[in-house]
Amino acid sequence: MIVGRFHGGCHQIGKSCVEIETKKSRILVDCGMDPSNNAIPDVDASKIDAVVVSHAHLDHCGAVPHFDFKNIYCNAPTADLMYNVWKDTVNLSKSYKEEDIQRSMKNINILGYREPKKITSDISMKFYDAGHILGSSSVYLDIDGKKLLYTGDINEIETRTLNPADTDIDEIDTIIIESTYGSPLDVKPSRKVLEKQLIDEISETIEENGKVIIPVFAVGRAQEIIVIINNYIRSGLLKKVPVYVCGSLTHTTGMYMSYSEWLNPKINNLMNNGTNPFGNLLKADDNIFNNNEPCIIISTSGMVQGGPVLQYLSLLKNPKNKLILTGYQGEGTIGRSLEEGATEITPFKKPIQIKGKITKIEFSAHGDYNSLVRYLKKIPEPKKAIVMHGERYQALSLAMTIWKMFKIPAIAPTIGSTLPLF
Ligand SMILES: [Zn+2]
Ligand SMILES: [Zn+2]
């Protein structure tokens with residue numbers, strides 16, 4: 001019997017980690033850390049033959065260095081981005097040390113999309129593009145002849161920077177699918193609508209000589225927003241003003257540029273024609289405070305909880321300036337307070353009176369409910385579905401949809417449970 005043990009990402013986003021055990025071998029797919037409390041999966045590393053990492057988000061790769069894994073499989077951009085994630089985490093959580101990062105980096109095996117690889121005596125794998133961030137993958141496993149697709153985080157629509165999730169997949173017996181937006185209530189506006197909203201909001205402020213602050217997550221969202229803004233500036237639909245970014249964005253955007261062949265081909269075409277799709281990014285400095293010129297400031301962190309964006313919040317004392325949130329704002333974060341209309345915030349010692357405009361335009365890296373349904377219609381029909389990586393309501397809701405709409409038995413396992421996979 002081939003069994004799956006669900007160590008995290010069950011009825012939660014949390015720390016994704018599935019252990020797969022056959023008669024001959026044992027592997028992990030993802031080994032994440034829970035971003036809300038730094039919790040890590042409860043696994044016995046000495047029994048694990050290989051770890052496959054779907055993408056470089058903390059909730060999928062964050063716990064890897066904590067364990068002494070001998071074989072780690074991922075693709076090249078994921079390895080590079082993962083190094084950044086681990087370096088950030090080493091300071092925040094006490095779960096591992098610099099030496100552990102060094103050891104883990106040494107044990108990485110690099111694999112391209114659609115490149116088959118035998119990873120244990122009875123398990124082979126390949127990665128498919130998941131459309132979620134640079135390098136993001138769905139993991140396809142052939143386990144002693146049985147076929148399993150672990151979607152990882154997926155986005156089935158094309159964005160400015162990424163291809164849609166690859167759905168041209170080999171036959172599937174069992175699917176393990178994410179459910180971040182798994183409920184029929186989770187329907188999001190199209191990218192076209194979101195882009196127009198973003199540009200209208202920026203234009204409104206620039207016309208009034210105001211400054212626009214856009215807090216972003218360093219990987220993915222940031223690059224998409226940067227490409228959108230530069231595209232509109234190039235086409236003359238957005239007034240040319242200075243675009244400032246913080247240091248970590250210069251770094252991660254550089255990685256996007258160096259892996260441009262992994263991105264939407266439109267990015268590569270622009271670069272080959274001598275146009276930089278990421279535009280002329282200026283490094284943010286104190287001059288921003290000393291002039292009355294309109295500008296755009298793009299900075300981490302996305303939930304305005306730490307990161308260089310905090311130092312620009314004082315600009316919101318001026319009613320001409322605006323802050324545009326671009327993603328989900330976790331409970332207890334400054335971003336959430338601003339979203340809920342706080343009139344005063346205290347990022348540092350001194351409180352700041354908020355007079356500027358606050359707005360939110362959510363550019364999610366996950367497919368919404370309709371996108372998940374379309375994905376399921378496009379891929380070969382599985383015989384069984386396991387729903388992970390969503391809050392309880394979302395996970396149960398998507399399991400119900402898969403059962404009612406597709407007549408495929410679907411379960412949303414609880415944390416720590418062990419189930420037959422086929
Ligand atoms: Zn992710
Ligand atoms: Zn995730």
Across the stretch 29-84, the tally of residues that are surrounded by fewer than 24 Cβ atoms within 10 Å (Cβ to Cβ), farther than 22 Å from Thr120 by Cα and aliphatic (A, V, I, L, M) stands at 3
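Table: residues versus (1) in contact with a helix residue (DSSP H, G or I) (Cβ under 6 Å, 6 or more places away or on another chain); (2) among the hydrophobic types (A, V, I, L, M, F, W, C); (3) within 16 Å of ligand 1 (Cβ to nearest atom).
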{"residue": "Pro65", "(1), (2), (3)": "yes, no, no"}
{"residue": "Lys117", "(1), (2), (3)": "no, no, no"}
{"residue": "Asp129", "(1), (2), (3)": "no, no, yes"}
{"residue": "Ile154", "(1), (2), (3)": "no, yes, yes"}
Just to verify a result, which residue in the stretch 316-355, among those that are among the acidic types (Asp, Glu) and surrounded by fewer than 17 Cβ atoms within 10 Å (Cβ to Cβ), is nearest to the chain's Cα centre (by Cα)?
Glu331
Read through the list (1) surrounded by fewer than 20 Cβ atoms within 10 Å (Cβ to Cβ); (2) closer than 23 Å to Ala165 by Cα, then give the number of the only condition that Arg26 fails.
(2)
Answer residue from the stretch 139-167, given it is without any contact (Cβ under 8 Å) to a residue 40 or more places away in the chain and over 19 Å from the mean Cα position of the chain (by Cα) and is nearest to ligand 2 (Cβ to nearest atom) among those
Tyr140
One residue from Ile324, Ile386, Ile345 being at negative phi and within 16 Å of ligand 2 (Cβ to nearest atom)
Ile386
Those residues of the stretch 272-290 that are within 26 Å of the chain's Cα centre (by Cα) and under 16 Å from Ile228 (Cα atoms) come to a total of 6
Tabulated pairs, the stretch 231-250, first on the phi < 0 side of the Ramachandran plot and crowded, with 17+ Cβ neighbours inside 10 Å, second at pLDDT below 95 and β-branched (Val, Ile, Thr), C-beta under 7 angstrom, 6+ apart or interchain:
Tyr244/Ile288; Cys246/Thr300; Ser248/Thr300; Leu249/Thr300
Got at least one residue in the stretch 20-31 being among the aliphatic types (A, V, I, L, M), more than 16 Å from ligand 2 (Cβ to nearest atom), in contact (Cβ under 8 Å) with a residue 24 or more places away in the chain and in a helix (DSSP H, G or I)?
no
Any idea which of (1) farther than 30 Å from Ile267 by Cα; (2) surrounded by 15 or more Cβ atoms within 10 Å (Cβ to Cβ); (3) of a type in the set (Lys, Arg) is the one Lys117 doesn't satisfy?
(1)
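The values are calculated or read from the model by the stated rules, or taken from the named source; none is laboratory data. Remember, predicted model here, so these are calculated numbers, not experimental data. Please note: Cβ atoms are built from the backbone with ideal geometry, for glycine as well, and neighbour counts cover all protein chains shown.
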